[in-house]
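The values are calculated or read from the model by the stated rules, or taken from the named source; none is laboratory data. Since the model is a prediction, treat every value here as computed from it, not as a measurement. Ideal geometry is used to build each Cβ from the backbone, glycine not excepted, and the neighbour counts take in all protein chains shown.
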Amino acid sequence: MANLRLENVTKRFGPITAVKALNLEIRDGEFFSILGPPGAGKTTTLRLIVGLEKPDEGTVYIDGEPANEIHPGKRDIAMVFQNLALYPDKTVFDNMAYPLRERKLPKDEIERLVQATAKSLYIDHLLKRKPAKLSGGERQRVAIGRAMVRKPKAYLLDEPLANLDALLRLEMRVELKRLQGELGQTLVYVTHDQVEAMSMADRIAVLNKGVLQQCDTPEAVYNFPANRFVATTIGSPPTNFVTADVRPHGDNLLLAHSVFALAVEGGRHPARAALESAAAGQALPEKVLIGFRPEDVRVSTSQANGCNVPAQVSVVEPLGGETVVDLRMGGDLVKAVVPPTQRLEERRHVWLNFDPERVHLFDARTGQRVYTTGQGEPFACLEAVH
Ligand SMILES: Nc1ncnc2c1ncn2[C@@H]1O[C@H](COP(=O)(O)OP(=O)(O)OP(=O)(O)O)[C@@H](O)[C@H]1O
Ligand SMILES: [Mg+2]
């Protein structure tokens, strides 16, 4: 069991800053995911924790103790690498026994530990085989087994399911989650797949270009993304963004898009205060990004209650369980997710109906989220023209 903490950690490779002033705390027993695109600094973060890289600045703590000077072998943290390397000429048993033999454990103890670990991963019938005779999923299990067998304080898994086909990934996802629950040990899981992070993790750290964007529960990163990057990374299809002009209108503010406008009513509306504080120094920004998720809009052929925005169907993508519709909304292309039973022909004129509780405002310059309707007062929606 372990608590892992990075305090203000920076790691550079020549001119590249792979990890920048990173602060993270991974709690004891937590299933923690690090999510980000290629080059985000995910692997570097794991290597810093396990001790294969030394921070240029900042400190890595293991169970509250500064660990920068502790040799990787003494940290008692197991890492399963991105391109897992099993010894090809050793059997599954010998691959799994390797870390225990390194530690000079007695033979019968090694036998017992390997058997027990193999059983929990359902690979006990494969112990005599060599890696070349295993499927991708089985090889993955052996690599995880080799990390588990010595019962380290924490496990770091670097994209462990990346090379598996979709069905196997799904199966392994459930099993890893089960295993972690049974072991109750700290697990850091690196992935670039938001569905994996969302479905498995207790908390997710979203990284981009070495910089932490947000660290919170799956629900929080989904419902209250810290910025445009997180709103685009989490959820599929990604959040829609449209630009609106901010126009003072007496006591009210109009957020005016070409085909609709949201009214922020009254001088005390919390969205107004949020916009003002985001524009620090200036009275109000000139533009704002309105963000809404494809699953938070309904598409109808007649106007419904609430906020109706005119749009035209561009492309219809049936995916089986749901249908993704691309729509033209003024000069913008946005997506909506509708039930598979809803029939929408291309080029049809329709109305988009927002969920008034789930509209976000983002600072147009910095991309930071400044306001979400569900947290405060909703906006009034002004009628728009087709
Ligand atoms: N040993 C190294 N020497 C030079 N640059 C490196 C080294 N290791 C990583 N980098 C650079 O640091 C940045 C972060 O790399 P890292 O491997 O941590 O990213 P990642 O998030 O794991 O990406 P991926 O999803 O592709 O595995 C990248 O720009 C990478 O090219
Ligand atoms: Mg990597």
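Identify, from the list Ala197, Ala205, the residue that is within 16 Å of ligand 1 (Cβ to nearest atom), assigned to a helix (DSSP H, G or I) and either under 21 Å from Leu48 (Cβ atoms) or hydroxyl-bearing (Ser, Thr, Tyr) (or both).
Details: Ala205 fails: assigned to a helix (DSSP H, G or I).
Of the residues listed, the single one that is within 16 Å of ligand 1 (Cβ to nearest atom), assigned to a helix (DSSP H, G or I) and either under 21 Å from Leu48 (Cβ atoms) or hydroxyl-bearing (Ser, Thr, Tyr) (or both) is Ala197.
Summed over the range 40-83, the residues that are at pLDDT 95 or above, under 23 Å from the mean Cα position of the chain (by Cα) and either in a loop (DSSP other than H, G, I, E, B) or not assigned by TED's automatic domain parsing to the domain that holds Ile204 (or both) give a count of 2.
Going by the conditions given, is Val9 part of a strand (DSSP E or B), under 25 Å from the mean Cα position of the chain (by Cα), modelled with pLDDT of 95 or more and within 16 Å of ligand 2 (Cβ to nearest atom)? No; evaluated as a whole, the condition is false for this residue. For the residues Val259, Val242, Val221, Val230, the requirement of being of a type in the set (Val, Ile, Thr) and part of a strand (DSSP E or B) singles out Val242. Looking across the range 272-294, the residues that are under 30 Å from Pro237 (Cβ atoms) and either among the acidic types (Asp, Glu) or assigned to a helix (DSSP H, G or I) (or both) come down to Ala274, Leu275, Ala278, Glu286, Pro294.
Taking the range 55-67 as the search range and keeping residues that are in contact (Cβ under 8 Å) with a residue 40 or more places away in the chain and either of a type in the set (Lys, Arg) or farther than 15 Å from Leu187 by Cα (or both), which one is farthest from ligand 2 (Cβ to nearest atom)? For the range 55-67, the residue satisfying everything is Gly64.
Scanning the range 239-286 for residues that are modelled with pLDDT under 85 and surrounded by 20 or more Cβ atoms within 10 Å (Cβ to Cβ) yields a count of 1. The set of residues in the range 1-28 that are in contact with a helix residue (DSSP H, G or I) (Cβ under 9 Å, 6 or more places away or on another chain) and crowded, with 18+ Cβ neighbours inside 10 Å comprises Leu4, Leu6, Val9, Lys11, Ala18, Val19, Leu22, Leu24, Ile26.
Kindly indicate whether any position in the range 295-308 is out of contact with any Phe, Trp or Tyr (no Cβ under 8 Å at 6 or more places or on another chain) and either at pLDDT 90 or above or part of a strand (DSSP E or B) (or both). Talk me through it step by step, then tell me what you get.
Of all residues in the range 295-308, those out of contact with any Phe, Trp or Tyr (no Cβ under 8 Å at 6 or more places or on another chain) come to 295, 298, 305.
With either at pLDDT 90 or above or part of a strand (DSSP E or B) (or both) added as a condition, the list becomes 295, 298.
Yes, the conditions are met somewhere in the range 295-308.
Residues are listed down the side, and each one gets a yes or a no for (1) buried (at least 20 other Cβ atoms within 10 Å of the Cβ); (2) within 16 Å of ligand 2 (Cβ to nearest atom); (3) of a type outside the set (Lys, Arg):
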residue: Lys130; (1), (2), (3): no, no, no
residue: Leu164; (1), (2), (3): no, no, yes
residue: Arg178; (1), (2), (3): no, no, no
residue: Val188; (1), (2), (3): yes, yes, yes
residue: Thr191; (1), (2), (3): yes, yes, yes
residue: Ser199; (1), (2), (3): no, no, yes
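Would you say Ile110 is in contact (Cβ under 8 Å) with a residue 24 or more places away in the chain and more than 16 Å from ligand 2 (Cβ to nearest atom)? Answer is no for this residue.
Please state which one of Glu317, Glu377, Glu383 is at pLDDT 95 or above and charged (D, E, K, R). First the steps, then the outcome.
Details: Glu377 fails: at pLDDT 95 or above; Glu383 fails: at pLDDT 95 or above.
So the residue among Glu317, Glu377, Glu383 that is at pLDDT 95 or above and charged (D, E, K, R) is Glu317.
Leu161 meets the conditions (1) farther than 28 Å from Pro72 by Cβ; (2) within 16 Å of ligand 1 (Cβ to nearest atom) in every case but one. The failed one is (1).
Are any residues in the range 84-135 part of a helix (DSSP H, G or I) and among the hydrophobic types (A, V, I, L, M, F, W, C), and if so, which ones?
Just the residues of the range 84-135 that are part of a helix (DSSP H, G or I), to begin with: 92-102, 107-120, 124-126, 131-133.
Scanning the range 84-135 gives Val92, Phe93, Met96, Ala97, Leu100, Ile110, Leu113, Val114, Ala116, Ala118, Leu126, Ala132.
Candidates in the range 208-220 are the residues that are surrounded by 17 or more Cβ atoms within 10 Å (Cβ to Cβ) and of a type in the set (A, V, I, L, M, F, W, C); of these, the one that is farthest from ligand 1 (Cβ to nearest atom) is Cys215. When Pro88, Pro37 are checked against the criterion of being surrounded by fewer than 17 Cβ atoms within 10 Å (Cβ to Cβ), within 15 Å of ligand 2 (Cβ to nearest atom) and in contact (Cβ under 8 Å) with a residue 24 or more places away in the chain, a single residue qualifies: Pro37.
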